[in-house]
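The values are calculated or read from the model by the stated rules, or taken from the named source; none is laboratory data. Note that this is a predicted model, so its numbers are computed, not measured. Note that each Cβ is placed from the backbone with ideal geometry, even for glycine, and that neighbours are counted across all protein chains shown.
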Amino acid sequence: MVKYILRNMWRRKGRTFLTVFGIAVGIFALTVLGGLSARLTQQVNGARSWFANSISVVPSGGSLFGGGGEHFFDVATVGQVHAVPGVKDAVPGIGLPLSTDQGFSFGAPDLIIGLGPGGQDLLKQLALSGGRLLQPGDKGKTVLGSVIAEKLGATVGGTAVMRGVTFEVIGILRPTLSAPDNFAFVPYVDALPIFLQANPFFQQKQIASVIYTTWNQGVNPEALGARIARQVPGVTVITPAKAEQQISQFSLIFNAILFGIAFIALVVGGLSIINTMVMSVSERTREIGLKKAIGAETRSILAEYLLESAAIGLIGGLIGTGLGLIAIVLLNGATSSKQVTVFAITTLVVIGPIVFATVLGTLAGVFPALRASRLKPVESLRED
Amino acid sequence: MLALETRDLRKTYGEGEAVVHAVDGINMSVEVGEFVAIVGPSGSGKSTLLNLLGCLDLPTEGHVFIDGEDTAALSLKALTRVRRQKVGFIFQEFNLLPVLNALENVELPLRYQGVHAKEREERAAEALREVDLLNRAKNRPSQMSGGERQRVAIARALVTKPALVLADEPTGELDTVNTCRVIEIMRRLNDELKQTFAVVTHDPMVAAYARRVITLRDGHVSSDEPQEATPVACD
């Protein structure tokens, strides 16, 4: 049966090739964008878990990745936040770009994050691949995210030079495929001088760009966030729910593009398969009549044409996905020197487009196959 | 025992003034093992009759009995089953599938009967041997002459050992030599295997080799006579 269907497809090589190619192009685009979306999802999920465990308090107008901007507040604010009932701990943090001439980066920027006393508790949710976390009293030491560690060629026990300052690397985090991979955590006391050196005209000498706030057990973080916003002037409060919202918006647009491409592939590919199959059916009207004359059931004709249509989809899907994966590997290879991974290959990225194309082919075949199976033997045999 | 019987068989096309009685009340029967030629001028209803006999078309009125089974009351699905199990078809244009080789073409009806692969191949090879084409088993129709193609089609009609083989102008597209060859094969299958044949033809040479000739005129049977069949001698 399979052999027979492949032979039938081979009868009109040119036409079959063009149809398969049409599907392959759509599926190629779907695969590449799927890889992009999968990578984004990994980052979003990682960011989600990172931001789910603390309330980020930033200066008014600041945002989630509030590092390196022009918004800062006095360290005294930390005390005010800490005084709000329900707050367990408030840790001053200061975020600095790792490199002063950073161009465009995909996803989270590379940041030096200076964490005040108590910051080690925040890091506890991140697993170490080696070494230890920061402890109170540490100075000149750093815990590196996996991507930064690789970028700097750093190992536990070695040193890393960041913004002209040499740090001892005491720990390296496991890859989370999200924001913390691009963070270098240092004690607040080390980050502050770097900041002040870069901004010599800054008046205040004790500043923070973010206050990581944790809450006592049983306290609703959303309600606590509202309370902080009321009681502490000049701050924007990003609660886990708000962070979630900001992050989701980020990925929503990409998924919209992905669905758009899928939809175009669906319409264009589907129509071209329908066209091809309708032509095949009308060319083979006599053969269908003959088969019915010698005893083929309606459903066996139906199955034959559905399978042929599904096969066009499947082959187009295999080719398109194959080319898409090659493109992803090449593109990731081209950007790997910058330690940036733009595309992810997950099971869904590989299997999804193939299944999609096959289902598309099958659905597109329904109309032509029904047409074929409903032909009357006498009339079809008379056809030239 | 009857392989085929019709009772008051009618087929009309069109309505009112334009109505055409293509088959207009035909009563006939064919015994198992007979070789019948159905002849008549163009438009006498030969092909329409053959389509009705083969359950390819539905009569307007009347009955067709195949192997004793009344087909008038059957659903389209059941008619498909009758064609699959009891009837073999030979067409003027051979109607072989171009993507299948000779053996696969002959296997096709067995495939629809659900016969499993090994037995299918054995029986198809046996049928090809009957038409003396086993050496061409792996050839596609495009690699064969018209005579060879029609012999493959005969093997396909025969492979299910049907109660009845219906042939519609089987030699219409063949030269004299191949016509003789095809007749010779059909006659031999009729003699040796007692295979029943009903052959629509307007070729006098084919009609001459039949043991009985039914003549149609305007949808009626105008004569139905047994005859002394001419012995087949090709070359």
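A single entry from A:Leu96, A:Leu133 fulfils the requirement of being touching a Leu at 6+ places or on another chain (Cβ under 6 Å) and not in a helix (DSSP H, G or I): A:Leu133. For segment A:156-170, indicate whether the set of residues that are in a strand (DSSP E or B), touching a residue at least 40 places away in the same chain (Cβ under 8 Å) and over 24 Å from A:Val81 (Cβ atoms) is non-empty. Yes, segment A:156-170 has at least one match. Yes or no: B:Phe65 at pLDDT 95 or above and within 18 Å of the chain's Cα centre (by Cα)? For B:Phe65, the condition - at pLDDT 95 or above and within 18 Å of the chain's Cα centre (by Cα) - is met. Scanning segment A:91-143 for residues that are of a type in the set (D, E, K, R) and modelled with pLDDT of 80 or more yields A:Asp110, A:Arg132, A:Asp138, A:Lys139, A:Lys141.
Inspect all residues belonging to segment B:138-145 and state whether any of them is in contact with a Gly (Cβ under 6 Å, 6 or more places away or on another chain), crowded, with 19+ Cβ neighbours inside 10 Å and over 27 Å from B:Gln227 (Cα atoms). Among the residues of segment B:138-145, not one is in contact with a Gly (Cβ under 6 Å, 6 or more places away or on another chain), crowded, with 19+ Cβ neighbours inside 10 Å and over 27 Å from B:Gln227 (Cα atoms), which makes the answer no.
Filtered by the rule that a residue be without any contact (Cβ under 8 Å) to a residue 12 or more places away in the chain and either in a strand (DSSP E or B) or of a type in the set (Phe, Trp, Tyr) (or both), segment B:193-235 gives a lone residue, B:Ser223.
Considering only segment B:155-201, state which residues are of a type in the set (D, E, K, R) and within 12 Å of the chain's Cα centre (by Cα). Within segment B:155-201, B:Arg156, B:Asp168, B:Glu169 meet the criteria.
A:Ile55 meets each of the listed conditions (1) outside the structural domain of A:Glu304 (by TED's automatic domain parsing); (2) modelled with pLDDT of 85 or more; (3) exposed (fewer than 15 other Cβ atoms within 10 Å of the Cβ) apart from (3).
Would you pick out the residues in segment B:85-99 that are surrounded by fewer than 21 Cβ atoms within 10 Å (Cβ to Cβ) and either among the small types (Gly, Ala, Ser) or within 18 Å of A:Lys376 (Cβ to Cβ) (or both)? B:Glu93, the sole residue that qualifies. Residues that are modelled with pLDDT under 70 and at positive phi within segment A:62-90 comprise just one, A:Gly68. Being at pLDDT 95 or above, out of contact with any helix residue (DSSP H, G or I) (no Cβ under 8 Å at 6 or more places or on another chain) and more than 14 Å from chain B (Cβ to nearest Cβ) holds for only one residue in A:Ile319, A:Ile326, and it is A:Ile326.
Among the residues of segment B:165-173, is any in a loop (DSSP other than H, G, I, E, B), of a type in the set (S, T, N, Q) and in contact with a Pro (Cβ under 6 Å, 6 or more places away or on another chain)?
no
Scanning segment A:7-20 for residues that are part of a helix (DSSP H, G or I) and either surrounded by fewer than 15 Cβ atoms within 10 Å (Cβ to Cβ) or of a type in the set (D, E, K, R) (or both) gives A:Arg7, A:Trp10, A:Lys13, A:Gly14, A:Arg15, A:Phe17, A:Leu18.
Checking B:Ala125, B:Ala78, B:Ala102 one by one, the residue that is surrounded by fewer than 21 Cβ atoms within 10 Å (Cβ to Cβ), aliphatic (A, V, I, L, M), closer than 21 Å to B:Met186 by Cβ and more than 8 Å from every other protein chain (Cβ to nearest Cβ) is B:Ala125 and no other.
Of everything in segment A:132-175 that is polar (S, T, N, Q) and more than 18 Å from A:Gln120 (Cα to Cα), the residue that is surrounded by the fewest Cβ atoms within 10 Å (Cβ to Cβ) is A:Thr166. Residues of segment A:258-293 that are surrounded by fewer than 18 Cβ atoms within 10 Å (Cβ to Cβ) and within 14 Å of another protein chain (Cβ to nearest Cβ): A:Glu283 alone.
Using the structure shown, decide if A:Glu304 is within 20 Å of A:Leu360 (Cα to Cα), within 12 Å of another protein chain (Cβ to nearest Cβ), out of contact with any Lys or Arg (no Cβ under 7 Å at 6 or more places or on another chain) and crowded, with 23+ Cβ neighbours inside 10 Å. Against the criterion (within 20 Å of A:Leu360 (Cα to Cα), within 12 Å of another protein chain (Cβ to nearest Cβ), out of contact with any Lys or Arg (no Cβ under 7 Å at 6 or more places or on another chain) and crowded, with 23+ Cβ neighbours inside 10 Å), A:Glu304 does not qualify. Exactly one residue out of A:Thr362, A:Thr341, A:Thr358 is hydroxyl-bearing (Ser, Thr, Tyr) and outside any helix (DSSP H, G or I): that is A:Thr341. Counting only helices (runs of 4 or more DSSP H) that fall entirely inside segment A:210-314 and contain at least 3 residues that are modelled with pLDDT of 90 or more and more than 25 Å from A:Ala179 (Cβ to Cβ), the qualifying elements are A:240-283, A:285-293. Here is a list of conditions, (1) in contact (Cβ under 8 Å) with a residue 12 or more places away in the chain; (2) touching a Lys or Arg at 6+ places or on another chain (Cβ under 9 Å), and B:Asn51 meets all of them except one; can you say which number that is? With (1) in contact (Cβ under 8 Å) with a residue 12 or more places away in the chain; (2) touching a Lys or Arg at 6+ places or on another chain (Cβ under 9 Å) applied to B:Asn51, the lone miss is (1). Here B:Leu108 meets each of (1) among the aliphatic types (A, V, I, L, M); (2) in contact with a helix residue (DSSP H, G or I) (Cβ under 6 Å, 6 or more places away or on another chain); (3) within 11 Å of another protein chain (Cβ to nearest Cβ) with one exception, condition (2).
All of (1) more than 22 Å from A:Arg374 (Cα to Cα); (2) not in a helix (DSSP H, G or I) hold for B:Arg123 with one exception: (2). In segment A:157-187, the qualifying residues are those that are hydrophobic (A, V, I, L, M, F, W, C) and touching a Lys or Arg at 6+ places or on another chain (Cβ under 9 Å), and the one that is farthest from A:Val44 (Cα to Cα) is A:Phe167. Do we have A:Leu40 as aliphatic (A, V, I, L, M), at pLDDT 85 or above and under 25 Å from A:Thr341 (Cβ atoms) here? So A:Leu40 fails the test. Out of all the residues in segment A:192-248, which are in contact with a Leu (Cβ under 7 Å, 6 or more places away or on another chain) and among the hydrophobic types (A, V, I, L, M, F, W, C)? Correct list: A:Ile194, A:Phe195, A:Phe202, A:Trp215, A:Ile238, A:Ala243. Scanning segment B:75-85 turns up at least one residue that is farther than 20 Å from B:Val221 by Cβ and assigned to a loop (DSSP other than H, G, I, E, B). Evaluation of B:Val115 against the conditions (1) within 14 Å of chain A (Cβ to nearest Cβ); (2) touching a residue at least 24 places away in the same chain (Cβ under 8 Å); (3) surrounded by fewer than 21 Cβ atoms within 10 Å (Cβ to Cβ); (4) not in a helix (DSSP H, G or I) shows that the sole unmet condition is (2). For segment B:76-108, residues that are touching a strand residue (DSSP E or B) at 6+ places or on another chain (Cβ under 9 Å) and over 16 Å from B:Ala167 (Cα atoms) total 1.
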